Amino acid sequence: MWEKIWKTDKIAYGGDYNPEQWPEDTWEEDMRLLKLAHIDTLTLNVFSWAMLQPSEDEYRFEKLDKIMEMAKSHQMNVCLATSTGAHPAWMARKYPEVLRTDFTGIKRKFGARHNSCPNSPIYRKYSVRLAEKLAERYQKYDNIIGWHISNEFGGECYCENCEKAFRVWLKKRYGTLEELNRVWNTAFWGHTFYDWQEIVLPDRRTEHFSENETMAQTISLDYKRFNSDSILDCFRLEYEAVKKYTPDIPVTTNLMEGAYKGLDYRKWGKYMDFISWDNYPSNADSFSKIAFSHNLMHSLGDGKPFVLMEQTPSAQNWQPVNALKRPGVMRLWSYQAVAHGADAVLFFQLKRSIGSCEKYHGAVIDHAGHEHTRVFREVAQLGEELAKLGGEILGASKPAEVALMFDWENWWAIEYSAGPSKYLKYLDEILNYYTALHRQNIAVDVVGEEDDLSAYKVVIAPVLYMTKPGVDERIREFVRTGGTFVTTFFSGYVDENDLVVIGGYPGKLRDILGIWVEEIDALPETKENSFVYGGQTYRAGMLCDIMHLEGARSLAEYQEDFYAGTPVITCNSFGQGQAYYVGTRPEESFYGRLIEEICQKQQICPPAETPLGVEAVERIRDKEHYLFVLNHKEGVEKISVPVACNDLLSGKSYQEQEQLELAAKGVAILKWAESE
Ligand code: GLA
Ligand code: ZN
């Protein structure tokens, strides 16, 4: 599948370039500099709608024509954007319906970007028309390697058009008002609807105290689904439009934030030809969190090509404090993306603008305007390395024996829940398990509730609160046939409509886990419980399940409070497999312990053992192995190499067990071929 989609013969290198913001006589010098940095890919036309369509009846492509010609004559590949991430001012003035209404009910005026109502017929008409015109006009360019629809889709709209569309969406989902009233549990607080027109959007004026606090969880949940679908429709309409003329050019849109909460990216991934995303970690993010984001994004594609669409070469502009990327970090993080499956390393931005809010955002070409900067040198060095790597690594996959379940609808439902604890954050719980796996260099696929589990040895599903139809069946089958399943507190509570599964927690997972959870105690931040596991005492916080064994073994019991002596960690033998339950939020070291134990039992081995802070990730193509070793630490680190291999970056050869020394922020890509 990969070869049919991705057409470059090396890891693509480049990024967002906006020559339309500059006088034409500066372009040639830009090309000289970009070539010097071994850049071969330009992401063009991301925010040019106002330039391309100055009024309702007028389209002007002359400047973009020149830019496309320039790219071609300099042998640059192009990732061509459709420019629909910000509508022109004339459109907002003439058709105010394209403007969004925000969560508080404020109707926006023209300004900023990512600001169009996804259900505005005018917005849809003109965005699709523009995409189609671009495809028609540039279809002959054989250097277009991908379509970049719009930009960082996201946000919400609460306008009247959206309200109308919501009713249509609901009718399609539920058929009758009777069913809608049942699913929304509208008998509560007298919400019964007798006419579709009575239904309004759940926002600050209606069901919400604040963005995450709603009085009607299922209505809010359905709004999230609806909003994600509405915006996805905009993507899909443009997708169809460009495919009319360029069926062979793969289409993407740049996803963001790793796990961006607003859109159900797993559903989106199914409609994208390749997955791309923008990696802008905050200063507080650990390298395991960045790895999780890559892992999640890569998994969305289920084998489709994966691209790092944006990263800053150095500083960002939108954090409170925008630290420079230290020497070596840009290179390290670029290879981290490649290690996790990326076949392109692209930047925002190739050239710093002189005005507006991104003028101090890092760029390859700085305001100084020449190549004699630290950032330029680092970009050029990486460019040279990627050029030397040529076709190595491209398309190599990342097989995993462990799946971590992460599901957007579950996320929405958990964080809309009033009780048991507002400190419960889904992503934190996911990251606790992911980080433990990642520290041990265990390869992971991040899967959704609907995904097939049969290829894995271990499935970990932290806080599987919403068990959608079929998921319990898949888990039951997985464990019955020998799989190891791990889940936690606050799992199995509700169905896909956020309605409680009655008969005792954890609902449909109860027989698999062999427990009944009678109560759940939420601990204030200052309070803790504890338990002993494998001879070691661990602190337990936030939530404590009080449960009864129904076939499972207790592996640890609480030490304090009125439920002291009752089970907190359990394991149930079910069919040929095992189902673990972690009834609390333990301190960090516990996760490592549990993961190590499970992986040992299942004979799941990391590709290499490394000291803490050094990441080892493997990609495999046919019989060729590429082991990325990434030193995230500030000092020199050593590993002993697992097999005889060559480092593609340094050119050095290593014998099995030989010591490999990595400088601070250093990277090695160890290659070997499997013997027949
Ligand atoms: C996003 C956008 C870019 C740019 C960068 C800045 O990723 O897609 O247009 O604004 O952020 O970090
Ligand atoms: Zn709207």
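The values are calculated or read from the model by the stated rules, or taken from the named source; none is laboratory data. Not measured: the values here are computed from a predicted model. All Cβ positions, even for glycine, are placed from backbone atoms using ideal geometry, and neighbour counts span all protein chains on display. Ligands, DNA and RNA are stripped out before the accessible areas are found, and what is left, the full protein with its side chains, is counted by its heavy atoms. Shrake-Rupley method; radii C 1.70, N 1.55, O 1.52, S 1.80 Å.
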Residue count, region 282-302 (criterion: at pLDDT below 95 and either outside the structural domain of ASP264 (by TED's automatic domain parsing) or of a type outside the set (A, V, I, L, M) (or both)): 4
1 or more residues farther than 23 Å from HIS114 by Cα and modelled with pLDDT of 95 or more: qualifying helices (runs of 4 or more DSSP H) within region 1-97: 27-36, 62-73
Of all residues making up region 651-676, the number that are loosely packed, with under 11 Cβ neighbours inside 10 Å and closer than 14 Å to VAL629 by Cα: 1
Counted residues, region 59-87 - those being away from ligand 1 (no atom under 16 Å from the Cβ), open to solvent by 10 Å² or more (accessible area, probe 1.4 Å) and under 31 Å from the mean Cα position of the chain (by Cα): 1
Residue count, region 454-481 (criterion: open to solvent by 30 Å² or more (accessible area, probe 1.4 Å) and in a loop (DSSP other than H, G, I, E, B)): 6
Per-region count, region 93-109, residues within 15 Å of ligand 2 (Cβ to nearest atom), free of Cβ contacts under 8 Å to residues at least 40 places away in the same chain and surrounded by fewer than 21 Cβ atoms within 10 Å (Cβ to Cβ): 5
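Just for region 417-449: of the residues that are assigned to a loop (DSSP other than H, G, I, E, B) and free of Cβ contacts under 8 Å to residues at least 40 places away in the same chain, which one is least open to solvent (accessible area, probe 1.4 Å)? Please lay out each step first, then the result.
Our first condition is that a residue be assigned to a loop (DSSP other than H, G, I, E, B); within region 417-449, this holds for 417-425, 440-443, 448-449.
Then keep just the ones that are free of Cβ contacts under 8 Å to residues at least 40 places away in the same chain; that gives 422, 425.
Values: LYS422: 156, LYS425: 85 Å².
Only one residue tops the list, namely LYS425.
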Extreme residue, nearest to ARG377 (Cα to Cα), among residues of region 21-56 that are touching a strand residue (DSSP E or B) at 6+ places or on another chain (Cβ under 9 Å) and aromatic (Phe, Trp, Tyr): TRP22
Criterion (open to solvent by 70 Å² or more (accessible area, probe 1.4 Å), among the acidic types (Asp, Glu) and within 29 Å of the chain's Cα centre (by Cα)) met by exactly one of GLU28, GLU3: GLU3
Hits in region 147-176 (condition: of a type outside the set (Val, Ile, Thr), away from ligand 2 (no atom under 16 Å from the Cβ), surrounded by fewer than 19 Cβ atoms within 10 Å (Cβ to Cβ) and at negative phi): LYS171, LYS172, ARG173, TYR174
Members of region 205-231 that are closer than 30 Å to GLN139 by Cβ and either polar (S, T, N, Q) or buried (at least 22 other Cβ atoms within 10 Å of the Cβ) (or both): SER230, ILE231
Single unsatisfied condition, TRP90 versus (1) over 31 Å from the mean Cα position of the chain (by Cα); (2) crowded, with 17+ Cβ neighbours inside 10 Å: (2)
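Closer than 27 Å to LEU431 by Cβ, open to solvent by less than 20 Å² (accessible area, probe 1.4 Å) and of a type outside the set (A, V, I, L, M, F, W, C): does that describe ASN279? Walk me through how you get there before you give the answer.
Numbers: closer than 27 Å to LEU431 by Cβ: yes; open to solvent by less than 20 Å² (accessible area, probe 1.4 Å): yes; of a type outside the set (A, V, I, L, M, F, W, C): yes.
In short, yes.
With the requirement that a residue be buried (at least 17 other Cβ atoms within 10 Å of the Cβ) and under 24 Å from GLY482 (Cβ atoms), what does region 584-628 give you?
Start the filter on region 584-628 by keeping residues that are buried (at least 17 other Cβ atoms within 10 Å of the Cβ), which leaves 584-586, 590-591, 594-595, 598-599, 602, 604, 606-608, 610, 614-619, 625-628.
Within region 584-628, TYR591, LEU594, ILE595, ILE598, CYS599, GLN602, ILE604, PRO606, PRO607 meet the criteria.
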Selection count where residues are outside the structural domain of GLN197 (by TED's automatic domain parsing) and of a type in the set (Lys, Arg), scope region 153-167: 0
Test for ARG204: is it outside the structural domain of THR82 (by TED's automatic domain parsing), more than 16 Å from ligand 1 (Cβ to nearest atom), under 22 Å from ILE122 (Cα atoms) and modelled with pLDDT of 95 or more: no
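Which ones in region 556-577 are touching a residue at least 60 places away in the same chain (Cβ under 8 Å) and either closer than 19 Å to GLN536 by Cβ or open to solvent by 50 Å² or more (accessible area, probe 1.4 Å) (or both)?
Correct list: GLY575, GLN576.
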Which numbered condition GLN349 misses (of (1) surrounded by fewer than 19 Cβ atoms within 10 Å (Cβ to Cβ); (2) in contact with a strand residue (DSSP E or B) (Cβ under 9 Å, 6 or more places away or on another chain); (3) not hydrophobic (A, V, I, L, M, F, W, C)): (1)
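Collect the residues in region 294-311 that are within 24 Å of VAL614 (Cβ to Cβ) and either of a type in the set (Val, Ile, Thr) or open to solvent by less than 10 Å² (accessible area, probe 1.4 Å) (or both), keeping them in residue-number order.
Of all residues in region 294-311, those within 24 Å of VAL614 (Cβ to Cβ) come to 294-299, 306, 308, 311.
Residues satisfying the conditions are HIS294, ASN295, LEU296, MET297, PHE306, LEU308, GLN311.
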Only listed residue being on the phi < 0 side of the Ramachandran plot and modelled with pLDDT under 95, chosen from GLU473, GLU525, GLU496: GLU525
Filter result (within 13 Å of ASP222 (Cβ to Cβ) and free of Cβ contacts under 8 Å to residues at least 12 places away in the same chain) within region 166-181: VAL168, LYS172, TYR174, GLU179
Qualifying residue in region 237-256 (condition: farther than 16 Å from HIS148 by Cα and within 13 Å of ligand 1 (Cβ to nearest atom)): no
